[in-house]
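First up is the structure itself, then whatever we jot down about it.
The values are calculated or read from the model by the stated rules, or taken from the named source; none is laboratory data. Owing to the predicted nature of the structure, the values given are computational and were not obtained by experimental measurement. Positions of Cβ are backbone-derived with ideal geometry, glycine not excepted, and every protein chain shown enters the neighbour counts. Accessible surface is based on the protein model in full, side chains and every heavy atom, while ligands, DNA and RNA are left aside. Shrake-Rupley method; radii C 1.70, N 1.55, O 1.52, S 1.80 Å.
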Amino acid sequence: MLKTIRIILAALFFLGVTALFLDVSGALRPWLGWTAKMQLLPAAFALNAAALTGIALLTLLFGRVYCSVVCPLGVFQDIISGAGAGNKKRRRRPGYVPERRWLRYGVLALFLAAAALGAGSIAALLEPYSAFGRMVSNLFAPLCGWGNNLLAAGAEKAGSCAFSETSVWMRGWPTFAVSALTFAALAVLARRHGRAYCGNICPVGTLLGLLSRFSLFRPVVDPSLCRACGICARQCKAACIDFRNHRVDASRCVACMDCIGACREHAIRLRPFWKEASADAPPPEGNGNLRTPGTAARGGAGCPASAGRRNFLHSLALMLGATAAGAEAKKVDGGLAVIGEKKAPRRLTPLVPPGAHSLRDFARHCTGCQLCVSACPNDVLRPSSDWARLMQPEMSYERGYCRPECIRCSQLCPSGAILPVTVETKSSIRIGRAVWVRERCIPLRDGQACGNCARHCPSGAILMTPVDPENPESLRVPVINEERCIGCGACENLCPARPFSAIYVEGREIHSAF
């Protein structure tokens with residue numbers, strides 16, 4: 001019963017968090033954003049007292065339930081580990097593995113030091129929710145987008161508007177490479193060793209393990225009933241059951257309850273910690289009936305067969321290849337002439353969304369989960385390729401601009417890197433300033449009238465003035481009022497100059513308001 005409840009809750013949390021990154025329409029995100037805000041590190045960065053208190057109380061009561069239910073990366077490992085459970089040739093788990101304290105606490109110390117010093121890229125590599133978010137955003141979201149576009153094409157032919165086409169493009173090769181390597185490493189580790197990452201590497205798991213040592217209820221082995229068959233140890237995802245000494249390592253146990261359901265003698269039960277049996281308890285009588293781990297019946301024989309390892313690896317290779325090889329169709333103008341692709345300018349100061357307040361605050365709070373990147377409907381956000389801010393999002397305007405009415409990223413950010421703003425407040429926040437490059441401007445370069453930047457500026461910060469002040473009929477060029485410019489990027493995005501816009505936006509170290 002406990003295992004069934006755990007599986008149902010874990011499935012709900014996993015599907016909710018995954019839908020945040022795969023939701024093409026954006027309709028589900030307002031309803032599911034709370035699942036991201038329940039993750040430990042984002043809650044800590046956002047000072048979410050309710051979430052932190054709930055996680056701490058849950059851990060002190062039942063151990064690391066967070067790792068089995070709330071954490072999407074933990075459930076992802078369970079899915080990989082359980083794939084092909086009906087295959088008799090599937091590799092069996094190794095059973096009990098002693099704790100590697102030097103590794104666990106060494107990674108935790110590195111993680112805490114990186115978070116305290118503002119090295120967000122290092123912390124983001126180790127944090128489980130962020131790692132899962134990057135994998136879904138970079139590896140699976142493009143596949144979901146292509147599937148949506150296929151449905152949109154079919155609906156258009158049928159005269160229906162049920163689906164609308166969405167853009168699918170590679171937002172950042174370094175982040176894609178990190179996500180692919182993370183996926184492959186975790187898949188292999190989970191396939192061979194279950195929750196080895198959770199028990200020996202994950203800093204969040206180690207941190208919760210410090211609390212779970214004092215949990216009120218935990219799986220306890222009754223020596224008077226235990227026959228030392230070893231089935232519980234082989235079913236244990238965390239390899240933390242020492243069946244010979246009748247001990248369960250509470251700091252590594254993820255409270256999956258698999259051992260309770262697997263024990264045929266009902267020797268493992270969820271009990272208060274003070275009823276934990278002593279390791280010095282006398283062995284049960286009738287040792288002639290003991291079953292060794294080598295002769296014990298295999299668990300999971302009745303599970304339905306699913307794809308084997310070969311099919312899994314084949315699917316993984318196809319998924320990675322399709323995502324990496326995807327190319328967007330070229331755009332054409334009204335005369336079907338190919339429009340050249342825009343290139344990002346070299347910005348001296350990065351652009352970050354309104355609500356970040358400053359580059360420093362943003363870098364210290366962002367976990368690089370890519371939720372805002374997935375949710376941006378204007379294709380403005382993408383992971384940074386700068387090693388100092390690797391995987392943290394930044395803004396660029398080759399594909400769109402930050403529309404004043406859109407506040408989606410500020411509503412979804414779970415870590416407080418982007419604080420909530422209203423539409424009225426956003427329109428007055430200056431995140432950057434426009435810069436005019438004279439030699440690229442169409443009127444001066446081609447002798448043709450333009451004015452796109454001034455025509456589309458939502459804040460009225462650009463005024464077109466004659467090149468020759470003494471000749472009002474001369475071609476007009478833009479003049480920028482930096483006090484009115486909010487850095488939305490409409491001018492940069494809609495400038496017809498190629499490959500670099502004649503006007504681009506430089507970021508501000510500290511955001512300001514009118």
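Here are the numbers:
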| read-out | value |
| --- | --- |
| Enumeration of residues in the stretch 14-28 that are of a type outside the set (A, V, I, L, M), within 14 Å of the chain's Cα centre (by Cα) and farther than 19 Å from residue 258 by Cα | 16, 18, 21, 23 |
| Close pairs (7 angstrom Cβ cut-off, 6 or more residues apart or separate chains): without any contact (Cβ under 8 Å) to a residue 40 or more places away in the chain in the stretch 119-132, in a helix (DSSP H, G or I) anywhere | 122/114 |
| Lone unmet requirement of (1) out of contact with any Cys (no Cβ under 8 Å at 6 or more places or on another chain); (2) farther than 20 Å from residue 500 by Cβ; (3) of a type in the set (A, V, I, L, M); (4) open to solvent by less than 20 Å² (accessible area, probe 1.4 Å) for residue 363 | (4) |
| The lone exception for residue 402 - which of (1) of a type in the set (A, V, I, L, M, F, W, C); (2) in contact (Cβ under 8 Å) with a residue 40 or more places away in the chain; (3) over 23 Å from residue 501 (Cα atoms); (4) in a loop (DSSP other than H, G, I, E, B) it fails | (3) |
| Filtered residue count, the stretch 81-97, keeping only those that are touching a strand residue (DSSP E or B) at 6+ places or on another chain (Cβ under 8 Å) and either surrounded by fewer than 16 Cβ atoms within 10 Å (Cβ to Cβ) or at pLDDT below 70 (or both) | 0 |
| Residue selected from the stretch 422-432 under the condition surrounded by fewer than 19 Cβ atoms within 10 Å (Cβ to Cβ) and touching a strand residue (DSSP E or B) at 6+ places or on another chain (Cβ under 9 Å), by the criterion nearest to residue 487 (Cα to Cα) | 428 |
| Every residue from the stretch 115-136 that is over 16 Å from residue 387 (Cβ atoms) and either in contact with an Asp or Glu (Cβ under 6 Å, 6 or more places away or on another chain) or surrounded by fewer than 20 Cβ atoms within 10 Å (Cβ to Cβ) (or both) | 116, 126 |
| Hey, residue 167 hydroxyl-bearing (Ser, Thr, Tyr) and at pLDDT 90 or above or not | no |
| The lone exception for residue 112 - which of (1) under 23 Å from the mean Cα position of the chain (by Cα); (2) open to solvent by less than 30 Å² (accessible area, probe 1.4 Å) it fails | (2) |
| Within the stretch 134-171, tally of residues that are of a type in the set (D, E, K, R), more than 16 Å from residue 25 (Cβ to Cβ) and either part of a loop (DSSP other than H, G, I, E, B) or under 16 Å from the mean Cα position of the chain (by Cα) (or both) | 2 |
| For residue 496: the one exception among (1) open to solvent by 40 Å² or more (accessible area, probe 1.4 Å); (2) under 34 Å from the mean Cα position of the chain (by Cα) | (2) |
| Listing of helices (runs of 4 or more DSSP H) fully contained in the stretch 175-281 that carry 2 or more residues being within 30 Å of residue 370 (Cβ to Cβ) and open to solvent by less than 20 Å² (accessible area, probe 1.4 Å) | 196-200, 203-212 |
| Given (1) part of a helix (DSSP H, G or I); (2) open to solvent by 20 Å² or more (accessible area, probe 1.4 Å); (3) of a type in the set (Val, Ile, Thr); (4) closer than 19 Å to residue 373 by Cβ, index of the condition residue 24 fails | (1) |
| Residue in the stretch 373-385 that is crowded, with 17+ Cβ neighbours inside 10 Å and over 22 Å from the mean Cα position of the chain (by Cα) present | no |
| Flag for residue 139 being closer than 17 Å to residue 76 by Cα, open to solvent by 30 Å² or more (accessible area, probe 1.4 Å) and touching a residue at least 24 places away in the same chain (Cβ under 8 Å) | no |
| Segments classed as strands (runs of 3 or more DSSP E), wholly inside the stretch 416-514, with at least 1 members that are small (Gly, Ala, Ser) and closer than 24 Å to residue 392 by Cα | 429-436, 503-513 |
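Residues checked against (1) closer than 24 Å to residue 478 by Cα; (2) of a type outside the set (S, T, N, Q); (3) free of Cβ contacts under 8 Å to residues at least 60 places away in the same chain:
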| site | (1), (2), (3) |
| --- | --- |
| 388 | no, yes, no |
| 415 | no, no, no |
| 430 | yes, yes, no |
| 449 | yes, yes, yes |
